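Remarks on the structure that follows.
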Amino acid sequence: MRKKTVLRLVLAAAGVTALVLGLVQGQYGETLSKAVYLCLECVGLG
Amino acid sequence: MDRGLKRKCIQLASAVLYNANFAGFRDGAIWQGEGKGVCVPGLNCYSCPGAVGSCPLGALQNALSRLPEKLPLYVGGFILLTGLALGRLVCGFLCPFGLIQELVHKLPGPKIQKSRWTRRLSWLKYIVLALFVVAIPMCAAWARGYPLPAFCKYICPAGTLEGGWPLALLRADIRGRLGGLFCWKSALCVAILLSCVFCYRSFCRFLCPLGAIYSLFARVALLAMRVDKTLCDNCGLCVKKCPVDVCRVGDRECVQCGACRAVCPKNAIYFGKERRT
Amino acid sequence: MKRLFALLLAVCMCLGIAACGSDAEKSEVTDYDPTAVTPEPELRYTDFTGALLGGGELTLSDYEGKVILLNFWATWCGPCVNEMPAFPRLLEKYGDDLAIIAVDLQEDSETVADFIAEKGYDFPVVLDADGAIGSLYPTDGIPYTVVIAPDGTISDTSLGAGTAEVMIEEYSAMIDAALG
């Protein structure tokens, strides 16, 4: 049980760190820019 | 309220919430608000006219295309945290395409029972993940200089059902661009939906790369179906009655639907965080 | 449980209504039906001034008198990138009768600069970092190209793209029609 808890804590820390770093790097804007423009290839219309 | 119905309500609510831009279906246009950079947990095409969030799988493919210059931190962090918190609970409760498959399965028709073959076939989704979500997007980006979201482009039935078909219906300019790719994706989507009549959640079990990703968190997910070993007598009814290819409750194939909890004669199956025993 | 379900339903409806409301404010200009195959006659373009890649500004109306291919694109969009080799060839074919303006949607200037430098394109590229220019036209689908006739009316639009070879033929037909 302890190993699982440690693993969860490590994964949680990694997830939060990655998310925050990604936001700092402006990756939210990159994700947004792809989501708000319909790339026809992506929906099979091409 | 019956637990099964409760789960359906949550599935329906999540489907409506992810696609709350109802005006998009009226106008044949996608939502372009600032909030659309937030990923939803389940498979929901961001090119659906109703979509108000990003698809995590689409966002991941695009982000992976930027390797090695940029690591996919934002999307990766989101998926990591969602997997840790919920695992495949997303599949059972928070995925619109999962709901659609379950509803389609209710249509009359012969039902294919799970077997060791379906268990073996369940590994296919990891190949789909490795090839179409990771390898091809990365390699194509290196070769071409721009992304190729291969799963979105060649496979995703949610994209066809939620994005491709509505936009083709609503917009004459898009209809003018339909070609072989649209035909392929439409045929594949129809085949997958048809297969769901006979085989419970066939896409989730055999093809869905997002389910494959969340399945990796089966052992550590905070909220999940669990067995109280002090009550369990190992009768095996849970695995027998489970509609998917589990070897035990809560393993990587478990979509957290709760069918096992409904049949356990010892009430040994519970949902939530681990109990201290 | 019934109350929770009712609450969830109410939240969904509020979100839906809110989404409808916010869409009503969008795009008060260039109000042609983007889903129509050809635009209505006599519809004029919407002017804008935008930041040019490499410095300076570009105003669309400065190019009135020529046929203008106003192209909305992004470096991450496959069909956009695929059709771009058509642009220098069209410029070579039509000379001073044609202007091509490529508006990049919501990307950082470094990404766009690297792309353009790698490809060696020399037609003007406008950086629409905040999406303000894109919102003047129905650009939810890209690549989106507006063909503006010399008199300032919108003579054609094109959504999506094939290969550069295919697009040279398609755009040539549109440009010829605009030139009359």
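Taking B:Val104 as the residue in question, decide whether it is surrounded by 24 or more Cβ atoms within 10 Å (Cβ to Cβ) and among the aliphatic types (A, V, I, L, M). No. Counting only helices (runs of 4 or more DSSP H) that fall entirely inside the stretch B:5-107 and contain at least 3 residues that are within 13 Å of chain A (Cβ to nearest Cβ), the qualifying elements are B:56-64, B:73-86.
The lone criterion from (1) more than 22 Å from B:Lys153 (Cα to Cα); (2) touching a residue at least 60 places away in the same chain (Cβ under 8 Å) left unmet by B:Met1 is number (2). Considering the stretch C:150-161, the residues that are open to solvent by 10 Å² or more (accessible area, probe 1.4 Å) and out of contact with any Gly (no Cβ under 8 Å at 6 or more places or on another chain) include one that is modelled with the lowest pLDDT, namely C:Ala161.
Taken together, the criteria place B:Lys185 among residues that are touching a residue at least 24 places away in the same chain (Cβ under 8 Å), facing another protein chain (nearest Cβ under 10 Å), crowded, with 18+ Cβ neighbours inside 10 Å and charged (D, E, K, R). Take the stretch A:1-42 and flag every residue that is more than 21 Å from the chain's Cα centre (by Cα) and within 7 Å of chain B (Cβ to nearest Cβ). Scanning the stretch A:1-42 gives A:Lys4, A:Leu40, A:Glu41. Taken over the stretch B:224-243, the criterion of being open to solvent by 60 Å² or more (accessible area, probe 1.4 Å) and within 20 Å of B:Arg201 (Cβ to Cβ) is satisfied by B:Lys240, B:Lys241. The single condition among (1) among the aromatic types (Phe, Trp, Tyr); (2) away from chain A (no Cβ under 14 Å); (3) crowded, with 21+ Cβ neighbours inside 10 Å; (4) touching a Gly at 6+ places or on another chain (Cβ under 8 Å) that B:Phe198 does not satisfy is (3). Given B:Leu131, B:Leu148, which one is in contact with a Gly (Cβ under 9 Å, 6 or more places away or on another chain), over 17 Å from B:Gly53 (Cβ atoms) and open to solvent by 10 Å² or more (accessible area, probe 1.4 Å)? The match here is B:Leu148.
The values are calculated or read from the model by the stated rules, or taken from the named source; none is laboratory data. Bear in mind the structure is a predicted one, so any value in this text is a computation, not a measurement. Reconstructed Cβ throughout: ideal geometry from the backbone, glycine too, with neighbour counts over all protein chains shown. These accessible areas exclude ligands, DNA and RNA; they are computed on the full protein's heavy atoms, side chains included. Shrake-Rupley method; radii C 1.70, N 1.55, O 1.52, S 1.80 Å.
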